[in-house]
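Have a look at the structure below before the remarks.
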Amino acid sequence: MAGLLFGTGGTPHSARTASTIDGIERSVELGLGCMEIEFVQGVRMGEAGARLVAEVAMRGGVKLSAHAPYFINFNAHEPEKIRASQDRLLQTARIGSICGAESIVFHPAFYLGDPPEQAYDRVKKNLKEVIEQLKRENNRVWIRPEIMGKVSQFGTLDELINLSTELEMVAPCIDFTHWHARAGTFNSYQEFTSILTQIKERLGRTALDNMHIHVSGIAYNKKGETKHLNLKESDFQYIELVRALKDYAVKGLVICESPNLEEDALLLQATYNSL
Ligand SMILES: [Zn+2]
């Protein structure tokens, strides 16, 4: 990975249409380096469409990632819900990989009142089955469970690092904003670098050379995230975060999920380049 690239979660608002291809073309015009394809309401792209997306992205020099549907819960108690969750992640990985995406992001689970260790074991077992299927298909994307912003959601930094050490092809999607929203902490240079240090110590320097990051502004209460905000309307210390990423020479993709998408993606990129 060349360096740290910045882009939007989904097609930029200023694109001609909301299509993925127009999103990539607009990202090129804006000077952004990456984009996350949002399959959050379902994977509604076929293989031919995905090949076209790959071509346009390659030509424009835009790196892609893909976000799986929201309706996934690897800790569901009903076998049919587990199977549906596995299928949604598999389908995202299949189409995403044809698009040229190297990372597939998903929201792993809800605790549903279960003890976290029990949820962890179930998530691990069900995710492992997906990984084994992808290996059979010779699909070598990174499967990235995301740090989640609500305390009812599975997906703490520790849980994701543990999954990454225990399962092949798994690496964390570090959503710094969600991690901040869970407890209101993790909003300073020192706290940001402590996360990076922990990743380096447990997953190795290669993990910092291939990071997948989500950033936005956020509103939260004692249960965690309530909604995403634009960076300048929130308390999130994005300049400190960008400084930490630069000081640690982090490489990979930074996907901006603020409501204003490209405005904050460009703000993050400009901040990074100014340091
Ligand atoms: Zn997400």
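On the stretch given as the stretch 1-49, residues that are of a type in the set (Asp, Glu) and part of a helix (DSSP H, G or I) total 4.
Determine, yes or no, whether residue 83 is in a helix (DSSP H, G or I), more than 27 Å from residue 149 (Cβ to Cβ) and of a type outside the set (Gly, Ala, Ser). First the steps, then the outcome.
Details: in a helix (DSSP H, G or I): yes; more than 27 Å from residue 149 (Cβ to Cβ): no; of a type outside the set (Gly, Ala, Ser): yes.
Answer is no for this residue.
Any residue in the stretch 73-84 that is within 16 Å of the ligand (Cβ to nearest atom) and either surrounded by 15 or more Cβ atoms within 10 Å (Cβ to Cβ) or in contact (Cβ under 8 Å) with a residue 40 or more places away in the chain (or both)? Yes, some residue in the stretch 73-84 is within 16 Å of the ligand (Cβ to nearest atom) and either surrounded by 15 or more Cβ atoms within 10 Å (Cβ to Cβ) or in contact (Cβ under 8 Å) with a residue 40 or more places away in the chain (or both). Those residues that are within 16 Å of the ligand (Cβ to nearest atom), hydrophobic (A, V, I, L, M, F, W, C) and surrounded by 16 or more Cβ atoms within 10 Å (Cβ to Cβ), I need them from the stretch 40-71; list them, please. Result: 40, 43, 64, 66, 68. Among the residues making up the stretch 206-221, those that are surrounded by fewer than 20 Cβ atoms within 10 Å (Cβ to Cβ) and either on the phi > 0 side of the Ramachandran plot or touching a residue at least 60 places away in the same chain (Cβ under 8 Å) (or both) are 209, 210. Going by what's in this entry, would residue 137 be described as of a type in the set (Asp, Glu), closer than 19 Å to residue 99 by Cβ and either in contact with a helix residue (DSSP H, G or I) (Cβ under 8 Å, 6 or more places away or on another chain) or buried (at least 21 other Cβ atoms within 10 Å of the Cβ) (or both)? So residue 137 passes the test. Picking from residues in the stretch 243-264 that are over 14 Å from residue 205 (Cβ atoms) and among the hydrophobic types (A, V, I, L, M, F, W, C), the one that is surrounded by the fewest Cβ atoms within 10 Å (Cβ to Cβ) is 244. Based on this model, can you work out whether residue 174 counts as within 16 Å of the ligand (Cβ to nearest atom), within 17 Å of the chain's Cα centre (by Cα), farther than 23 Å from residue 81 by Cα and not in a helix (DSSP H, G or I)? The answer is yes for residue 174.
All conditions in (1) surrounded by 16 or more Cβ atoms within 10 Å (Cβ to Cβ); (2) more than 16 Å from the ligand (Cβ to nearest atom) hold for residue 89, with the sole exception of (2). Residues that are surrounded by 13 or more Cβ atoms within 10 Å (Cβ to Cβ) and not β-branched (Val, Ile, Thr) were ranked within the stretch 195-205; the one that is nearest to residue 261 (Cα to Cα) is 196.
Taken together, 274, 258 contain a single residue that is more than 23 Å from residue 194 (Cβ to Cβ) and in contact with a helix residue (DSSP H, G or I) (Cβ under 6 Å, 6 or more places away or on another chain), which is 258. Annotation note: of 122, 140, 144, the sole residue that is on the phi < 0 side of the Ramachandran plot and in a strand (DSSP E or B) is 144.
Entry remark, the stretch 14-24: residues being crowded, with 20+ Cβ neighbours inside 10 Å and either within 14 Å of residue 63 (Cβ to Cβ) or under 21 Å from the mean Cα position of the chain (by Cα) (or both) number 3 in total.
Those residues that are within 15 Å of residue 146 (Cβ to Cβ) and among the small types (Gly, Ala, Ser), I need them from the stretch 176-205; list them, please. Correct list: 181 only.
Taken over the stretch 142-171, the criterion of being within 12 Å of the ligand (Cβ to nearest atom) and within 13 Å of the chain's Cα centre (by Cα) is satisfied by 144, 145, 146, 147, 148, 149, 155.
Every read-out reported here was derived from the displayed coordinates using simple, explicitly stated rules and does not represent laboratory data. Bear in mind the structure is a predicted one, so any value in this text is a computation, not a measurement. Quick reminder, even Gly has a Cβ in these numbers, built from the backbone with ideal geometry, and neighbours come from all protein chains shown.
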